[in-house]
1. Scan the range 358-378 for residues that are away from the ligand (no atom under 13 Å from the Cβ) and open to solvent by 10 Å² or more (accessible area, probe 1.4 Å) and jot them down.
2. Among the listed residues Arg394, Arg352, which satisfies the condition of being open to solvent by 20 Å² or more (accessible area, probe 1.4 Å), at negative phi, under 15 Å from the mean Cα position of the chain (by Cα) and not aliphatic (A, V, I, L, M)?
3. Looking only at the range 297-316, decide whether some residue is in contact (Cβ under 8 Å) with a residue 60 or more places away in the chain, farther than 17 Å from Thr214 by Cα and over 21 Å from the mean Cα position of the chain (by Cα).
4. Being of a type in the set (Gly, Ala, Ser), within 16 Å of the ligand (Cβ to nearest atom) and touching a helix residue (DSSP H, G or I) at 6+ places or on another chain (Cβ under 6 Å), is that true of even one residue in the range 82-99?
5. In the range 4-42, what count of residues is obtained for those that are part of a helix (DSSP H, G or I) and of a type in the set (Gly, Ala, Ser)?
6. Please give the number of the condition Thr135 fails out of (1) open to solvent by less than 10 Å² (accessible area, probe 1.4 Å); (2) within 13 Å of the ligand (Cβ to nearest atom); (3) of a type outside the set (A, V, I, L, M).
7. Are any residues in the range 48-61 part of a strand (DSSP E or B) and open to solvent by less than 50 Å² (accessible area, probe 1.4 Å), and if so, which ones?
8. Give the residues of the range 130-149 that are assigned to a helix (DSSP H, G or I) and touching an Asp or Glu at 6+ places or on another chain (Cβ under 8 Å), sorted by residue number.
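The values are calculated or read from the model by the stated rules, or taken from the named source; none is laboratory data. This structure is a prediction, so every number in the text was calculated from the model and none was measured. Heads up, the Cβs are rebuilt from the backbone with ideal geometry, glycines too, and the neighbour counts pull from every protein chain shown. Side chains included, ligands, DNA and RNA excluded: accessible areas come from the protein's heavy atoms. Shrake-Rupley method; radii C 1.70, N 1.55, O 1.52, S 1.80 Å.
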Amino acid sequence: MKVEERFLNYISHCTTSNEASGTIPSNDSEFILAQILRLEMQSLGLTDIHMTEHCYVYGKLPATPGMEHYKAIGFISHIDTAPDFSGENIKPQMISDYDGKDVLLAGSGDYLKVKDFPSLTTLKGRTLITTDGTTLLGADDKAGIAEILTAIEEIITEQIPHGDLWIGFTPDEEIGCGADLFDLNIFQADYAYTMDGDYEGEVAYENFNAANATFDIKGVNVHPGEAKDIMINAALVGCEIVSMLPADETPAHTSGREGFYHLTDMSGDVASATLSFIIRDHDKTQFENRLQKLRDITMSLNQKYGTDTITLEIEHSYENMLSVIENQMEIVNLAKQAISVEGLTPLSRPIRGGTDGARLSFMGLPCPNLGTGGYGFHGPYEHISVEAMQTAVRILKYIASHPIEKA
Ligand SMILES: [Zn+2]
């Protein structure tokens, strides 16, 4: 089956994850696509197929004769689409021989603009798939699923020699739970790639170190007329905390490898106040310095206003996978080689967020992220070209057919 046929089939099923659910999968509809993928794996003749009660689907294509001594490679994508925008009743627009100009999204009357997505001009002449403006497209990450299964099918039909290949599809990546119940007892790859980036020449293996920090402030509330030297206004102490942080180290002022303090929520009055931050930095030392800065602020304001005025709670979220991957750069180099063979320039941008691959890397499965060829994820401007998906399929086939020797 062609990669675009698979893709169009998958996006016809709504699999929007739901942050409020508290269960995995967060939306029962994810099972419908999982079941389709399970059956497809069966008809491709994969072994070790598992569909778990939590909607993870795994399968294996065993090594061809004489290739058993190579490391097992895994490919991973996610079933759900982002809750940020509707994923229901997607009506894709297929534009063949795309002219490289703005595209009318017929359902909303809005336009997909070259001004907003300059890479559109590079897609001139290709078959472009867009939304009709009323939903997202679901290229994130159903393009990844389509590319992986198409690569597997072609590896089988073209009788390409390969080591053990594992495939894993997860629920709920978009709400940060895709790696939660990923079963490395089933999925016995030595290393893997998540297929979840944009540019088809992307191989990303650096992400943020991340923590949440919450300041709880206790004020002293007395009648304002008689408050001199007595009142401690918790809301004002909250403002003081913010004023002690570098004003230009916020998401709105940083890019690339620059970290930040991001005030995500603030509420309070005289009696009490709460400030929530997320802290991000690629560099481990600078990340720790940021957390120390929050502790120092807490200490100095407690000296000023009295012990126990402020309590600070820091919760670590995820770590930069670079510290795992840098010991196994051969898996990055293999991907770069596969991308170069396609005539593309490998691009390794530090991810300004986390990935399931980062979590999996720390669970023992080193897992860089590759590009699917899709752009504008999580909204109505999401788009992908058929040719980019075909390129991604060839990249996966190259990786699968150039396994790394076991040490
Ligand atoms: Zn994704």
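1. Arg359, Phe362, Met363, Gly364
2. On the way: Arg394 fails: under 15 Å from the mean Cα position of the chain (by Cα).
After ruling out the rest, the residue left standing is Arg352.
3. Of the range 297-316, the ones in contact (Cβ under 8 Å) with a residue 60 or more places away in the chain are 298, 301, 305-306, 308-316.
Now restrict to residues that are farther than 17 Å from Thr214 by Cα: 305-306.
Right, trim to over 21 Å from the mean Cα position of the chain (by Cα) and you get 305-306.
Within the range 297-316 (the criterion being in contact (Cβ under 8 Å) with a residue 60 or more places away in the chain, farther than 17 Å from Thr214 by Cα and over 21 Å from the mean Cα position of the chain (by Cα)), the answer is yes, since at least one residue qualifies.
4. Yes, there is a match, as at least one residue in the range 82-99 is of a type in the set (Gly, Ala, Ser), within 16 Å of the ligand (Cβ to nearest atom) and touching a helix residue (DSSP H, G or I) at 6+ places or on another chain (Cβ under 6 Å).
5. Just the residues of the range 4-42 that are part of a helix (DSSP H, G or I), to begin with: 4-11, 29-42.
Now restrict to residues that are of a type in the set (Gly, Ala, Ser): 29, 34.
Qualifying residue count for the region: 2.
6. (2)
7. The first filter runs over the range 48-61 and keeps only residues part of a strand (DSSP E or B), leaving 48-51, 57-61.
Hits for the range 48-61 are Ile49, Val57, Tyr58, Gly59, Lys60, Leu61.
8. Just the residues of the range 130-149 that are assigned to a helix (DSSP H, G or I), to begin with: 139-149.
Passing the criteria: Ala139, Asp140, Asp141, Gly144, Ala146, Leu149.
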